[in-house]
Amino acid sequence: MSDINCIKHLRDKKGLSITKIKETLGINWRTAKKYADENQLPKSKIKKSKGMMHTEKWGDIVSDWLFEDSRLKRKLRRTKKQIYKDLQDLGFEGSYRTVCYFITDWENSP
């Protein structure tokens with residue numbers, strides 16, 4: 001999106017030609033023409049999460065545990081392996097990697 005905004009800025013505000021924009025940014029001439037002169041912007045796609053951690057109760061349980069643990073000191077927090085074993089005690093049939101992927105996504109989400 002920032003590249004598109006840059007192309008529009010160079011064309012509208014600076015008044016550069018399509019060829020100058022192409023040379024400056026190192027992009028294809030057709031791409032520069034497309035975004036400089038047209039008003040349509042590409043829509044960003046929102047990826048819908050799926051899988052047993054998102055569709056069933058397991059994701060909510062892990063999210064609650066992670067939120068509770070975030071208030072504790074680092075040494076007192078559960079590890080991914082401990083979370084996986086606690087889930088197995090509750091009847092979780094997924095794999096350890098599934099739990100790790102979910103926790104990583106949870107930690108990286110805004």
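The values are calculated or read from the model by the stated rules, or taken from the named source; none is laboratory data. No experiment lies behind these values; they were computed from the predicted model shown. Glycine gets a Cβ as well: all are built from the backbone with ideal geometry, and neighbour counts include every protein chain shown. SASA here: full protein model, heavy atoms, side chains in, ligands and nucleic acids out. Shrake-Rupley method; radii C 1.70, N 1.55, O 1.52, S 1.80 Å.
In segment 54-79, the residues that are touching a residue at least 40 places away in the same chain (Cβ under 8 Å) reach residues that are of a type in the set (Asp, Glu) and open to solvent by 70 Å² or more (accessible area, probe 1.4 Å) with C-beta atoms within less than 8 angstrom, at least six apart or across chains, in these pairs: Leu66/Glu107. The residue that is surrounded by the most Cβ atoms within 10 Å (Cβ to Cβ), among those in segment 79-90 that are among the aliphatic types (A, V, I, L, M) and in a helix (DSSP H, G or I), is Ile83. Residues in segment 20-78 that are more than 30 Å from Leu90 (Cα to Cα), among the β-branched types (Val, Ile, Thr) and open to solvent by less than 80 Å² (accessible area, probe 1.4 Å): 3 in all. For segment 68-89, residues that are under 22 Å from Lys50 (Cβ atoms) and at pLDDT below 95 total 0. Within segment 91-103, is there a residue that is touching a Gly at 6+ places or on another chain (Cβ under 8 Å) and either open to solvent by 50 Å² or more (accessible area, probe 1.4 Å) or modelled with pLDDT of 85 or more (or both)? Yes, the conditions are met somewhere in segment 91-103.
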